[in-house]
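The next block holds one structure in the form of structure tokens; read it before the comments.
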Amino acid sequence: MKVVYMGTPDFAVGPLKAIIEAGHEVSAVVTQPDKQRGRGREVQMSPVKNCALKYGIPVFQPVKIKEEDAIEQLSRYPADIFVVAAFGQLLPRKVLNMPRFGCINIHASLLPAYRGAAPINRVIINGELYTGVTIMQMAQGLDTGDMLLKEKVLIEAKETGESLHDKLMEAGARLIVEALPKIERGELIPEKQDEALSSYAGKLDKSMGLIDWKKDAVSLERLVRGLNPWPSAYTIYKGKTLKIWEADVVKEDAGNKERALSQKTFYEPGQVVFAGKDFFDVASGDGCLRIYSLQLEGKRRMEVKEFLLGYEIVPGFKLG
């Protein structure tokens, strides 16, 4: 099939490569405009643009895909179908109806659950046992179109946003290669989404990562994993941001409990309960969060063992 591929971040790179390697003709790649990033404000291309250029594929970067000149430009690329994966802009009706087989989307959840921009992170934060990828016939509306194919993916006990992203990217690559010939042959039966089962996974922002120590340790541990690598879960240590990269739940720590009782010390959420050689425990609203790996503002990521060589963490110290 002749394909116009629309995507921007790393998640969209795997499926693009798979489509090319499966022998489909990608006539153009549509991606977000280059942006200035980092302290030096250097102009950087999207991961999908980098991939397209390596394969010699023409790249189109409209500021707004819904504008008439962008739609006219898009119509010049020959295509049987448009494949979309985390493009970053909603497509207008004229674009949805442009190719013969319409537009299909590779969405990183089992629709209708977790529509929206950040399904990968939200399923971890919410403690889901599994997620997956859905190939969807696009319609006007946010991830509301008919479902064509699905693949379920298990969420491992210590899954992070980064590791799950990679698993779902690979699943999306497999599924789109399976879907395209079936769409061309008319073998897929569209399935309507049940609106009663729908949920929304909104965009991530840095404020989400601020740890509220009054919450239970299970929820906080999921937050740490779900926001890894961005925007990351963090607390405050002596006025500076302290990112938490690796943690675990300590529900019942008999040693700490006995020690607290003998010293008549009861810890508030956010207070350090125990500081060991390789970790320290912080009281939460229910249970303790055991910290193994962290990163102080302006410093590199390090294990707690190394951190404790230069910074003080003692029982009773308050984080946040």
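Read-outs: derived from the displayed coordinates by stated rules, not from any lab. Being a predicted model, the structure only gives us computed values, none of them experimental. Virtual Cβ from ideal backbone geometry, glycine too; neighbours counted across all protein chains shown.
Modelled label positions at Y292 and E195, each set 7 Å beyond Cα in the direction of Cβ, lie 4.5 nm from each other.
Multiplying each eigenvalue of the alpha-carbon gyration tensor of region 206-307 by 5 and taking the square root yields semi-axes of 23, 15, 12 Å, largest first, rounded to whole angstroms.
Dipole of region 2-197 (Lys/Arg Cβ +1, Asp/Glu Cβ -1, origin at the Cα centre): which of N126, Q36, P99 lies farthest to the positive side? In region 2-197, that residue is Q36.
Rounded to the nearest 20 debye, the dipole size of the chain about its Cα centre is 800 debye, using +1 on the Cβ of Lys and Arg and -1 on the Cβ of Asp and Glu. Computed about its Cα centre, the charge dipole of region 84-169 is approximately 360 debye, with only Lys, Arg, Asp and Glu carrying charge at their Cβ. Stokes-Einstein D for the chain at 37 °C, 0.692 mPa s, Kirkwood Rh over Cα pairs, in µm²/s? Translational D for this selection: 151 µm²/s.
Scoring 193-206, 164-177, 286-299 by mean Cβ neighbours within 10 Å over their residues and listing the highest first yields 164-177, 286-299, 193-206. Screening the chain for whole DSSP H helices of 15 Å or more along their axis (Cα) with average Kyte-Doolittle hydropathy at least -0.5 returns 161-185. On the beta carbon distance between K206 and S75, with R0 = 35 Å, the FRET formula returns roughly 0.35.
Only helical runs count toward this figure. For the chain, summing -39,500 (n - 2.57) over DSSP H runs of n ≥ 4 and dividing by all residues gives -7500 deg cm²/dmol at 222 nm. Counting 0.36 nm for each residue step from D146 to D278 and taking away their Cα separation leaves a gain of 42.5 nm.
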